[in-house]
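Novice: First, the structure itself, so that you have it in front of you.
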Amino acid sequence: MKSVRTSVTFAVTVMLFYGLCTLIWFVFPEPFMNFMNTLFHGLDFNRLQSEPATVGGTVYAGAILGIWAFLAALFFSWLNQLFMNEG
């Protein structure tokens, strides 16, 4: 059960950080896009602003990231236990 609790904790953490990232984007859209362009070596993230963001879309994306994070952490935990029991 520890693996599931850790996976849930990781998923919630990812969703909270996604929410924080989204909030920063809503408050400071231009500086945020400049930061993203620099962070990803010049990829043009400004194209993502062609359609307005919605609360529903943001919640949906956060939920998908939460599910992905939960599954990734659960897989990591399983794999870690597999390798640790080999030793």
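Novice: In nm², what is the average projected area of the convex hull enclosing the Cα atoms of region 22-61?
Specialist: Quarter of the Cα hull surface area: 2.9 nm².
Novice: ³J(HN,Hα) across region 38-48 via Karplus (A = 6.51, B = -1.76, C = 1.60, θ = phi - 60°), whole Hz, x for Gly/Pro?
Specialist: Those phi angles translate into 6, 4, 9, 6, x, 4, 8, 7, 4, 4, 5 Hz.
Novice: I'd like to compare 42-49, 64-71: which one has the highest average count of other Cβ atoms within 10 Å, and what's the full order after that?
Specialist: Taking the mean over residues of other Cβ atoms within 10 Å, the ranking is 64-71, 42-49.
Novice: Karplus couplings for region 65-81 from phi (6.51 cos²θ - 1.76 cosθ + 1.60, θ = phi - 60°), rounded to Hz, Gly and Pro as x?
Specialist: Result, ordered by residue: 4, x, 5, 4, 5, 4, 5, 5, 5, 5, 5, 4, 4, 4, 5, 4, 5 Hz.
Novice: For the chain, what are the per-bin percents of Cα-Cα distances with bins 5 Å wide, up to the bin holding the maximum?
Specialist: P(r) for the chain, in whole percents per bin: 3, 13, 16, 17, 16, 12, 9, 7, 4, 2, 0.
FYI, it's all coordinate maths here, none of it is from the lab. Worth saying up front: this structure is predicted, and the values here are computed from it rather than measured. Backbone-built Cβ (ideal geometry, glycine too); neighbour counts: all protein chains shown.
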